[in-house]
Amino acid sequence: MAPLLDELFRYVGFDEQDGARLVAASDALEPSFQGIVDEFYVAIDGNREARAVFEDEAQVARQKGLLLAWLRRFFAGPYDDSYLEERSRIGRAHVRIRLPQRYVFVSMNIIRAGLTRAVWALDDPQLDKIALLQSIQRLCDVELAIMLETYREDYDRALRTAERLATLGQFAGTLAHEMRNPLAVLSTSSHLLRRHAGDDPGVVRHVDRIERQVAVCGQIVDDLLALARDSPPRFEPVDLASVIEFAWAQLTKPEHTLDVTVAPDAGSVPADESQLRQVLVNLMENATQAMTEGGAVEVQVARCTLTRPGEEVDAVRIRIEDSGAGFTPEALEHLFEPLFTTKARGIGLGLPLCHRIVTKHHGRLSASNRSPRGARLDIVLPLAQKGMS
Amino acid sequence: MKVLLVDDNAELADNLAELLASERTEVFAHHDATAALAWGRTHDFDTALLDVRMPELSGVELMRLLRVGHPAARFVLMSAYTQDAELDPTQDTVAAVLTKPLDLPSLAKVLGLDA
Ligand code: HEM
């Protein structure tokens with residue numbers, strides 16, 4: 001058994017007998033599960049902030065199903081590594097939707113109360129209800145502990161990502177600045193060399209080469225500096241159709257076309273234009289690189305709502321899609337962590353930086369796969385920013 | 001026109017001096033700020049092109065000291081650090097802050113030379 005689970009069981013005092021008691025009561029309690037799930041959602045519905053965690057009714061419906069399955073598994077066993085594995089996903093799902101941790105304590109109490117009532121209502125003189133309730137409480141404690149543990153892991157990972165990015169940014173900045181002095185000498189020297197060379201074609205050819213490569217180095221240095229600069233966005237109304245076109249023009253893409261649709265009510269959004277362009281260049285470049293044979297990069301801009309804990313705000317979604325191979329499950333999990341890269345070329349800073357920029361815009365960047373194939377990146381930016389009307 | 005040029009990167013100072021020098025332009029290149037300051041006490045110049053980040057004296061400090069004896073001179077700063085480009089030109093009445101590697105046509109323009 002996984003050390004974590006073993007430790008939790010021992011700490012809470014949950015043993016094989018507890019497990020057996022739960023499994024034995026499973027059939028008798030099953031008819032009360034739906035009622036408990038409903039109570040859970042009545043409580044959530046009554047709390048505006050909890051309600052806002054959900055994007056739409058469809059997600060509520062899905063979540064009800066998930067919770068019912070959760071209750072069934074609670075009484076079905078086996079309480080082994082597969083159980084830990086399944087339960088670990090809950091904490092991660094909650095981090096993903098930014099569920100404040102305190103909510104799970106309150107909602108677990110609703111479940112505890114519902115199960116207590118259901119056990120008391122059982123009509124079975126043979127049943128040791130106190131012992132069964134104790135087993136239930138113990139497993140509820142284990143559930144909470146697993147949720148918090150995985151919550152913490154994911155939270156730590158987000159923190160590490162931010163720190164790693166900051167360190168890398170500092171390093172990139174120093175490196176870039178230190179490169180500028182030698183580059184200045186190289187470029188002035190090649191200028192002088194050209195002057196002295198007269199029109200000796202052999203020399204001129206090499207001076208040309210040196211100057212071109214110095215320009216390439218200059219570009220790399222500028223890119224590194226763009227990465228290192230962690231400046232807060234300067235918000236101004238940005239025309240999305242034109243910034244998309246502009247970003248597209250910056251890419252070299254021999255075999256690709258751009259297919260943009262902008263909904264009339266989503267033409268403009270407050271953003272830092274140069275930062276948003278950087279995000280678009282990155283994402284569209286990834287899209288073209290994913291389609292090695294060429295093809296169309298599809299960009300759709302439309303209104304949507306952005307759900308954050310405690311509020312829902314009007315927003316604009318820029319969706320960028322390709323028809324390449326899409327992401328592997330592993331890639332989807334680590335996409336926004338610095339230095340994670342699936343490309344042969346590239347250092348794995350692009351997506352983390354895009355993520356950082358979008359987050360600084362109080363928006364959300366997410367990745368998923370299209371069916372039957374291809375990748376989808378969604379940039380969601382709120383329509384209102386503080387300090388801008 | 002007389003240009004005072006100061007950069008602790010000696011090779012860059014010499015290269016720039018060679019590039020800027022012409023029949024109409026005389027360039028006095030220095031590799032350290034204190035030597036340049038001493039030179040300034042006894043010589044005249046129209047424009048000073050100063051690196052911002054130097055040991056002993058920064059380009060900004062050097063400019064403030066030189067300006068006392070040369071109130072009519074123009075000062076142009078250059079730096080490898082982009083954040084230096086945000087030095088407040090109005091406060092110090094700098095003609096320009098240029099970022100390295102220098103773009104030679106814009107340098108010539110700032111200095112009032114035809115490239
Ligand atoms: C004891 C308390 C809770 C339990 C046992 C629980 C259980 C679960 C489970 C089993 C999942 C699916 C995880 C997976 O992807 O495999 C999940 C996801 C989720 N939970 Fe909870 N949850 C609890 C509290 C809450 C609360 C209080 C809220 C909201 C206020 C909430 C909102 C959600 C949402 C929105 C998802 C994501 C569903 C999706 O991916 O569309 N949960 N939870």
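Lys-Lys pairs in the protein assembly as shown that are eight or more residues apart or on separate chains and whose Cα atoms lie under 22 Å of each other come to 4. Ranking B:A33, A:S32, A:L127 by how far each Cα lies toward the positive end of the dipole of the protein assembly as shown (charges on Cβ) leaves A:S32 at the top. Legend: residues in the range A:182-223 shielded by at least 10 square angstrom of accessible surface upon adding the remaining protein chains to the isolated chain (1.4 Å probe, heavy atoms) are A:L183, A:A184, A:V185, A:S187, A:T188, A:S189, A:H191, A:L192, A:R195, A:H196. Would you look at the GNM of chain B, springs on alpha carbons closer than 10 Å, and say which of B:L12, B:L98, B:L20 moves the most? Comparing B:L12, B:L98, B:L20 in the GNM, the peak value goes to B:L12. Set against the 2.2 N^0.38 Å expectation for a compact globular protein, chain A has a Cα radius of gyration ratio of 1.31.
Note on B:K2/A:A158: beta-carbon distance plugged into 1/(1 + (r/R0)^6) with R0 of 60 Å gives a FRET efficiency of 0.55. Rolling a 1.4 Å probe across the protein heavy atoms gives the range A:236-382 an accessible surface of 46 Å² per residue. Taken about its Cα centre, the protein assembly as shown carries a charge dipole of roughly 440 debye when the Cβ of each Lys and Arg holds +1 and the Cβ of each Asp and Glu holds -1. Loop-located trypsin sites (Lys or Arg not before Pro) in the range B:1-92 (DSSP state not H, G, I, E or B) with no more than 15 neighbouring Cβ atoms inside 10 Å: B:R24.
Principal axis extents of the Cα atoms in the range A:180-289, from largest to smallest and rounded to whole angstrom, are 61, 35, 21.
By accessible area, using a 1.4 Å probe on protein heavy atoms only, the range A:116-212 has 58% of its surface on carbon and sulfur. Taking label positions 7 Å along the Cα-Cβ direction at both B:E18 and B:A108, the computed distance is 1.8 nm, reported to one decimal. Computed on the range A:80-215, the Cα convex hull volume stands at 157 Å³ per residue.
Computed extension length for A:A302-A:S26: 94.6 nm, one decimal, from 0.36 nm per residue of separation with the Cα-Cα distance subtracted. Toward the positive end of the charge dipole of chain A, with +1 on the Cβ of Lys and Arg and -1 on the Cβ of Asp and Glu, the farthest Cα among A:V297, A:L84, A:G169 is that of A:G169. Kirkwood Rh, chain B, all Cα pairs: how many Å? When all Cα pairs of chain B are included, the Kirkwood radius is 13.9 Å. Solvent exposure of the range B:2-111 amounts to 47 Å² per residue of accessible area, where only protein heavy atoms count and the probe is 1.4 Å. Every pair of different Cα atoms in the range A:3-159 enters the Kirkwood calculation, which places the hydrodynamic radius at 16.4 Å. Helix-only arithmetic for chain B: the sum of -39500 (n - 2.57) across DSSP H runs with n ≥ 4, divided by the residue total, places the mean residue ellipticity at 222 nm at -10500 deg cm²/dmol. Per residue, chain A reaches -21500 deg cm²/dmol at 222 nm when only DSSP H runs of four or more residues are counted, each adding -39500 (n - 2.57). Of the solvent-accessible surface of the range B:2-111, computed with a 1.4 Å probe and all protein chains present, 52% belongs to carbon and sulfur. Taking both sides together, the accessible area buried where B meets A is about 1500 Å² for a 1.4 Å probe. Per the Kirkwood formula on distinct C-alpha pairs, the Rh of the range A:160-229 is how many angstrom? Mean inverse Cα-Cα distance, inverted, gives 13.6 Å. Contact residues in the range A:167-181 by the 50 Å² criterion (accessible area, 1.4 Å probe, full protein complex versus chain alone): A:H177, A:R180, A:N181.
The values are calculated or read from the model by the stated rules, or taken from the named source; none is laboratory data. This structure is a prediction, so every number in the text was calculated from the model and none was measured. Every residue, glycine as well, gets a Cβ built from its backbone with ideal geometry; the counts of neighbours run over all protein chains shown. Just so you know, the surface numbers come from the protein's heavy atoms only, side chains and all, with ligands and any DNA or RNA stripped out. Shrake-Rupley method; radii C 1.70, N 1.55, O 1.52, S 1.80 Å.
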